[in-house]
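Structure record follows, encoded as C-alpha cells.
We did not get these values from a lab; they are worked out from the coordinates using the rules stated. Keep in mind that this is a model prediction, so the values were computed, not measured. As a convention, Cβ positions derive from the backbone with ideal geometry for all residues, glycine included, and neighbour counts pool all protein chains shown.
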Amino acid sequence: MAEQQKEMSFLGHLEELRWHLVRSAAAVFILSIVFFVFAQEVYDHFLLAHIKPDFITYKAFCNFFNLFGMDSAFCHINFADKKLQSIKVTSQLMNSIWSSLILGVILSFPYLLWEIWRFISPGLTKEEIKKSRGFIFIASFLFFIGVLFSFYVIAPISIQFLYNYQITDAIQNSFTLESHIGLVTNMLLGVSVLFELPVLIYFLTKIGLITPEFLKKYRKHALVVVLVLAAIITPPDVASQIIVAIPVLILYEISIKVSRRVLKNQEKQNN
C-alpha cells in the first residue's frame, strides 16, 4: 500500500511538472506569435537597429570621444552599402520564426521562473519560502540587465567592428541575414545567462556544492573560464570579449559575498 502511495505521489509530481511545462511553452508560443505578427517592426527597430548609423550607442560614443577632442570611428559610421542577403527561398520565413521564438523566451523569462518556483516551492519550508521571495525579481532583473548590456553595448561595438573589418580591398563583405540575426540573438541570450551567476552561486551554496573559500581559491581559474565563455558568445574581437568579461567578473565577486551570506544564515539557523 505504501509503495502504491509513493508511486502515485511520483506520478502526481510528473503530472504537475507536465502542466508547468505546458504553461511555460504556451507563454513562449503566444509571445512568439506576437513577435512574428509584428516581425517588420521587430526587425526594423530591434534586431536590425545596430546597422543604422543613428543608433543611440554610436551617438553616445561619438559624443564621449568628442568631449576629449578625439575623433572616433563611431562618428563616421556608414552602413548604407551593407545590405543583408537572403540566399535561400525560405531564409526570411525561417529566420523570422526562429528569432520570434528566441525573443519569446527572453520576454517570458520572469514567467518561466515563476513556473519553476511554483513547482519547487511545495518542497520548501516556510522559512525558506520567506527568504526566497525575491528570487524571481532578482533573477529577472539580472537577466534583463544582461539583455540591455548586450543590446546597447556589446552588439553595437561588435557589429561596428565586424562590418568594417576588411583585410584587403580585394575582399568584399557581404553578410547574410542568418549570420547577423544569429550574432545578435546569441549575444542577447549568452550574456543574459552569464549575468545569472550570483543566482546560480546562491543555489549551489545552499546545497553545499560551493563555498566562499572555494570561489576565492579558484578566482584565477574563473577568470579563464569567463574569458572562454566570453569568446564563445561574442564575436572574435578582443574588445567585445573584455567588455563582457568585466561585468561578469564583478558579478563573480558579488557571488562570493552572496555565498558568504548564505553560509552565515545557515549557521544562524543551526545555532
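At 7 Å along Cα-to-Cβ for each site, give me the label-to-label distance between residue 176 and residue 261 in nm.
Between residue 176 and residue 261, the label points sit 4.6 nm apart.
Show me the three semi-axes of the equivalent ellipsoid for region 2-270, from the C-alpha gyration tensor (sqrt of 5 times each eigenvalue), largest first, rounded to whole Å. Write down the numbers at each step before the final one.
Values: eigenvalues 318, 140, 46 Å².
Taking √(5λ) for each Cα gyration eigenvalue gives 40, 26, 15 Å.
Can you give the extra length, in nm with one decimal, that the chain gains between residue 141 and residue 246 once fully stretched, where that is 0.36 nm per residue apart less the Cα-Cα distance? Walk me through the intermediate numbers first.
Numbers: separation 105, 0.36 × 105 = 37.80 nm, distance 1.84 nm.
So the chain would gain 36.0 nm between residue 141 and residue 246.
Can you figure out the FRET efficiency of residue 78 with residue 120, using R₀ = 45 Å and their beta-carbon distance, to the nearest 0.05?
About 0.30, to the nearest 0.05.
Quick check for me: using +1 on Lys/Arg Cβ and -1 on Asp/Glu Cβ, what's the dipole size of the chain about its Cα centre, in debye to the nearest 20? Kindly include the intermediate steps, with their values, before the conclusion.
On the way: 23 positive and 19 negative charges, 209 e Å.
Here the chain has a charge dipole of around 1000 debye.
Just name one of 68, 87, 57: the one whose Cα is farthest towards the positive end of the charge dipole of region 25-91 (beta-carbon charges, Lys/Arg +1, Asp/Glu -1).
Final value for the positive-end residue is 87.
At 15 angstrom or more along the helix axis (alpha-carbon based) and mean Kyte-Doolittle of -0.5 or higher, what helices does the chain contain? Whole DSSP H runs only.
Qualifying helices, which must be both long enough and hydrophobic enough, are 2-37, 56-67, 91-107, 109-120, 135-149, 177-194, 219-233, 238-270.
So for the pair residue 167, residue 214, with labels modelled 7 Å out along Cα→Cβ, what separation do we get in nm?
4.5 nm
Please list, in chain and number order, the residues 5+ apart from residue 176 or on another chain whose amide H is under 5 Å from its amide H, with Hs placed from the backbone.
Those lying under 5 Å, H to H, from residue 176 are 85.
How high is the FRET efficiency between residue 186 and residue 15 when r is their beta carbon distance and R₀ equals 35 Å, given to the nearest 0.05?
0.50
Mind giving me the FRET efficiency for residue 45 and residue 66? R0 is 25 Å, r the Cβ-Cβ distance, nearest 0.05 is fine.
On the way: r = 26 Å, r/R0 = 1.06.
Using R0 = 25 Å, I get an efficiency of 0.40.
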